[in-house]
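Where a number appears in this text, it was derived from the coordinates with a stated rule and is not lab data. Every value quoted in this text rests on a predicted model; they were computed, and no experiment measured them. Ideal geometry is used to build each Cβ from the backbone, glycine not excepted, and the neighbour counts take in all protein chains shown.
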Amino acid sequence: MRLNDHASARIARCLGACAAWLVALADPAVADTDLFDNGRWAVVGATDPGPDPRDIAVAINGVPAGNFSELKLYFGFTGAGFPQVFSITGRGALRASLPPPGEFGGSFWLTRYWDCAIGLVPSLVITELNLRVEPNSPQVLIFEGAVSNLTSFGASDFRLKFPSPGFNEVKVEVSYTLVATRDFCVDSSRQSLEEGFQVARMTSSFIDSDEKMNDLIRYDTRLAACNGWGCYGTNGSVCGSLHNEDSELVCFDDKLTDPGLMLVHQSPYPRSTPTLKINFDQPKHKKLNPQGMSFFSDDPDVDNVDFWANWRAAKNSYKAGKKLGKFQFTMKVIPPDTVSCNAAACF
């Protein structure tokens, strides 16, 4: 009797889980825990191998399931088995991968800001998640819980919605309402550099043309176009090549004219890591400026590229208990491909 791809993948996963269980007898820290499987999605609790792992209190349909610093999400594709398509970590790093031959690349991160008193406050960490399936659609996975930056603001309505992924797109819809947990202020000097209040960001690595995950940033803004009769404004796409050096990625005071921000990989070489994209719903893109930094590195395992959308409308200060606003965006990965550009982000 021949097994179909899905059955073979499920057996392989079972054998892998058994092997992991045997290893766990010697070292419990390496064990993964099966938390959920409805035949399309599977969720596994794991240990985040990254720096400063943080536990998430996980529940399934309201029933506590344990604490895990990483959740691995798998999805069944016809003809492509049951690959992992997403990683959620307690420290706030979110990573996505397309089905094979795609592989994991850069990371998505939630809100962070520069405090006028204590400096850079790290991105929101994920403290609680409850998993459920969309009642009328078993292919839609939903996590609801809480996030916090552990000092000045957080959200108790954090939500991740995972639509059914495809071969050319894996995405998550993110939403939360930030509320101040103490009085705090935003560094105005950092805001003038478009880095004071970063709504969401992407990180990746670029060492050289032979060792990279991505090679371009891309966004849309207002450009000046000129002809023999004068100059006028038009919307266009702006790109910036990545370099292994200490440098800002956007040299102009550009404002987004489209909700999309992209960290592009133009080819599957040297590895088939994806293009990352964030589409912003709230705050509106007209209130966001693109900016980022690259840093010199000789370690391909360290992200030395940081690209974000900065919220110009953030207030100078907030009182404890006051709402900062609703934050809503979609994070996605798509296959490597070339893109067109009308202008350069820097000279």
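Overview of values
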{"quantity": "Computed over region 5-179, the ratio Rg/Rh where both radii use C-alpha atoms and Rh is Kirkwood", "calculated": "0.98"}
{"quantity": "Modelled label reach - Glu211, point 7 Å along Cα→Cβ, region 281-307 residues with backbone N closer than 14 Å", "calculated": "296-304"}
{"quantity": "Highest average packing first - 321-327, 109-115, Cβ atoms within 10 Å", "calculated": "109-115, 321-327"}
{"quantity": "Two-decimal log10 I(q)/I(0) for region 261-347, as the Debye equation yields it once each C-alpha is a single scatterer, q = 0.14, 0.25 Å⁻¹", "calculated": "-0.69, -1.39"}
{"quantity": "Quarter of Cα convex hull surface for region 138-251, i.e. mean projection, nm²", "calculated": "12.7"}
{"quantity": "3J(HN,Hα) from dihedral phi, region 104-118, Karplus parametrisation 6.51/-1.76/1.60, rounded to Hz, x for glycine, proline", "calculated": "5, x, x, 10, 9, 9, 8, 5, 9, 7, 9, 8, 5, 9, 10"}
{"quantity": "For the chain, convex hull of alpha carbons as volume per residue, Å³", "calculated": "169"}
{"quantity": "R0 of 41 Å, Cβ-Cβ distance Ser137-Phe347: FRET efficiency to nearest 0.05", "calculated": "0.25"}
{"quantity": "Local electrostatic count at Thr330 - Lys and Arg +1, Asp and Glu -1, tallied over other residues with Cβ under 13 Å", "calculated": "+2"}
{"quantity": "Rounded to 10°, Cα long-axis angle of helix 5-26 versus longest principal axis of the chain", "calculated": "80"}
{"quantity": "Relative packing of 256-267, 50-61, which averages over residues the other C-beta atoms within 10 Å, highest first", "calculated": "256-267, 50-61"}
